[in-house]
Amino acid sequence: MRDQVAAAPPTPVAAAHRIVTLDVLRGAAVLGILAVNAAAFALPMLAIEMSSGPSPFPAEANASGVAQWIIAVFFQQKFVTLFSMLFGVSIFLVGGERGDEAKERVLRRRLLFLALFGLIHGAAFWYGDILLLYAWSGLFVMTMRSMPAGRLIWIGAGVTVVLGTLQAGLMLLMANFPEAMSSEASDGTVAASIAAYQSGWAGAALENLKTWAIAQGMNLLMYVFSTVPLMMLGLGLFKAGFFHGRMSMRVYVSLMAGGAIVLALLAGLEWMEIQAGAEVEATGGWAMAVGSYPLIITLGYASALILATTRGVGWLRKALAPVGRMAFTNYLTQTLIMATIFYMPWGPRLFGQVDYPMQWAIIVGVWALQLIWSPLWLSKFAMGPFEWLWRRLSYGRDLPLRRAA
């Protein structure tokens, strides 16, 4: 009997055994990511940076500027950082310790099929896909998943801080050479991209494919170096009990305080640039430099959500946990909704026409839909539809989708 139990194939974690804080954090992350990604659905890649690029809706001290300021301060890089950390946790939860051959086979298939999902998602629907990057980064992290918590945390945090410092230095250097950030040469490129997306399905598909090829080249060659350390850090924090709420209150409060300080500083600097017409010279590049350290703010956000979840803020748990349990489905359905609105042939094709305040109206609408439909779906089914497909492929056998009676 013991041999039979030991040889039992690995199975997905049951809903009753899920770690609620992880689901809450995933829910917050996938919703927060949409706030940043919305502009990448609505505008050409060259036009979505708040402080550079010839945007049809420049950042000024008006409604559009305020909308961009909210994204830059509270969302930009914060929630994708959290999502990356949580993906590192999932590598361990699925693959277990190194040496467990059965779980490792499941993990390898999981990453392989994630890469396939990413290829289809990015090439056919939206160039900003992150799934392929996660699959590629996961291949490295899976080899380090048995490291002790302390080593994972120190390496992950150390490399992240070093890379942030290098980026901050680059931002300050660019601020001293404003001609390097001139957008005049790319005005025609932005106009041509908008025209291509509005021309119909063939033009939009080709433009998306070209942009995806550029973006994925950067992802797989460059951003893997920042994504792997974040996954390592997330896994280390999980092993240390951070995501379970097991650390001392002082740790969580300290991280919240540090995040609040950096957030306040970033808010002030970004607002100075808004008032100056989004010119980096207004702050000498310090807004972008401070923005190079999203990890501090992210850890503050995570700490606040963990304390709220573990200290009995029931409405927050009920709202976000179902969204997090269906994070893969919600991420992909965000693409289906946004692509339909902005450039799919069956939608109104509003690419290049929706300013930032209206983008926020769409973002909030999608948030509301996902906050409503996630618990409704999970009341009848054990997992989201894309989670079911991904797990079925990963575990190599059929899995029940409907909840047991």
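Values as computed for the structure displayed
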read-out: Anisotropy class of the stretch 231-360 from Cα gyration tensor, a/c 1.5 cut; value: oblate
read-out: Per-residue ³J(HN,Hα) for the stretch 245-252, Karplus 6.51 cos²θ - 1.76 cosθ + 1.60, θ = phi - 60°, Hz, x for Gly and Pro; value: x, 8, 7, 5, 4, 4, 5, 5
read-out: Per residue solvent-accessible surface (Å²) - the stretch 355-397, probe of 1.4 Å; value: 48
read-out: Two-site label geometry, ALA192 and LEU139: point separation in nm, points 7 Å out along Cα→Cβ; value: 3.3
read-out: Pairwise centroid distance, computed over Cα atoms, of the stretch 325-352 with the stretch 373-395, Å; value: 19
read-out: Sites matching trypsin sites (Lys or Arg not before Pro) across the stretch 306-393 that sit in DSSP coil, with at most 13 neighbouring C-beta atoms within 10 Å; value: ARG311, LYS380
read-out: Per residue value of the accessible surface for the stretch 67-114 (all protein chains in place, 1.4 Å probe), Å²; value: 39
read-out: Long-range amide H partners of PHE381 with built H, under 5 Å; value: ARG403
read-out: Segment LEU209-ALA361, extension gain: residue separation times 0.36 nm, minus the distance between their alpha carbons; value: 52.0 nm
read-out: Nonlocal amide H pairs with GLY96, under 5 Å, H built at 1.01 Å; value: none
read-out: Coil-residue trypsin sites (Lys or Arg not before Pro) of the stretch 74-116, DSSP, other Cβ within 10 Å capped at 14; value: ARG98
read-out: 0 to 90° range, to nearest 10: angle between helix 224-240 axis and the chain longest Cα axis; value: 40
read-out: The stretch 302-393: C-alpha gyration tensor shape, a/c 1.5 cut-off, then a/b vs b/c; value: oblate
read-out: Accessible surface of the chain, 1.4 Å probe, proportion on carbon and sulfur as whole %; value: 68
read-out: Whole-percent pair-distance distribution, where bins are 10 Å wide, for the alpha carbons of the chain; value: 5, 21, 32, 27, 12, 3, 1, 0
read-out: With all protein chains modelled, accessible area of LEU269 [1.4 Å, Å²]; value: 30
read-out: Whole-Hz couplings from phi, Karplus 6.51/-1.76/1.60, listed for the stretch 155-164; x for Gly and Pro; value: 5, x, 5, x, 5, 4, 5, 4, 5, x
read-out: Selection from LEU173, ASN37, SER303, by position along the positive dipole direction of the chain (Cβ); value: SER303
read-out: Between 0 and 90°, nearest 10: helix 314-325 axis offset from the chain longest Cα axis; value: 90
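The values are calculated or read from the model by the stated rules, or taken from the named source; none is laboratory data. Remember, it's a predicted structure, so these values are computed and weren't measured experimentally. All Cβ positions, glycine included, derive from the backbone under ideal geometry; neighbour counts span all protein chains shown. The protein model used for the area step is the full one, side chains on, heavy atoms only, and it has no ligands, DNA or RNA in it. Shrake-Rupley method; radii C 1.70, N 1.55, O 1.52, S 1.80 Å.
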